[in-house]
Amino acid sequence: MIASIIIRAYNAQATIARALSSALAQDLSEPYEVIVVDDGSTDNTTSIVERLSDARVRIIKQENKGAAAAANTGFKSVVGEIAVLLDADDEALPIMLSAAVPLLEDPNLAYTYPDYYEEYKGSR
């Protein structure tokens, strides 16, 4: 396994399914995992993730400690050589991993971050 996607979630029942769907739709040809860190949610976030039957997805539940602590929990749990963060209210383009992995395989590069894409659906 080459990559891990960490999704940190807190009371994300409205958005977690979309974030997970985008994480699982990556065009990377090599195996990858998705780790959802439920940071003490009091809504249905955990049950939505648990209903998904995909072997690539793991959920870790912890007391609410904040986004940074949730990210750290995820990083400590990765199996992959490369880890990327995706928040529960975000959606990843299918090329997120296939674009990041070649960059992060460079031993002179410690991290990278993507720009963002925002689709505007209204009038200005």
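The values are calculated or read from the model by the stated rules, or taken from the named source; none is laboratory data. In this text, all values refer to a predicted model and were calculated from it rather than measured experimentally. Heads up, the Cβs are rebuilt from the backbone with ideal geometry, glycines too, and the neighbour counts pull from every protein chain shown. The area values use the complete protein model at the heavy-atom level, side chains included, leaving out ligands, DNA and RNA. Shrake-Rupley method; radii C 1.70, N 1.55, O 1.52, S 1.80 Å.
At-a-glance table
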| quantity | calculated |
| --- | --- |
| Pair list, Cβ < 7 Å and 6+ apart or interchain, from the range 15-32 residues that are closer than 12 Å to ASP87 by Cβ and among the basic types (Lys, Arg) to residues that are modelled with pLDDT under 95 and surrounded by fewer than 22 Cβ atoms within 10 Å (Cβ to Cβ) | ARG18/GLU91 |
| Residue within the range 88-106 that is more than 20 Å from VAL34 (Cβ to Cβ), modelled with pLDDT under 80 and part of a loop (DSSP other than H, G, I, E, B) present | no |
| Residue under evaluation LEU52, criteria (1) open to solvent by 30 Å² or more (accessible area, probe 1.4 Å); (2) closer than 21 Å to VAL101 by Cβ, criterion not met | (2) |
| Residue in the range 16-48 that is nearest to ILE6 (Cα to Cα), counting only those that are among the charged types (D, E, K, R) and either touching a Phe, Trp or Tyr at 6+ places or on another chain (Cβ under 7 Å) or open to solvent by 60 Å² or more (accessible area, probe 1.4 Å) (or both) | ASP39 |
| In the range 39-86, the residues that are outside any loop (DSSP other than H, G, I, E, B), modelled with pLDDT of 95 or more and out of contact with any strand residue (DSSP E or B) (no Cβ under 8 Å at 6 or more places or on another chain) | SER47, ILE48, ALA68, ASN72, LYS76 |
| Filtered residues of the range 35-50 (kept if more than 12 Å from ASP87 (Cα to Cα) and of a type in the set (Val, Ile, Thr)) | THR42, THR45, THR46, ILE48, VAL49 |
| Selection status of LEU28, at pLDDT below 95 and over 18 Å from GLU63 (Cβ atoms) | yes |
| Among residues of the range 1-60, those that are under 11 Å from the mean Cα position of the chain (by Cα), polar (S, T, N, Q) and farther than 20 Å from ILE95 by Cβ, counted | 0 |
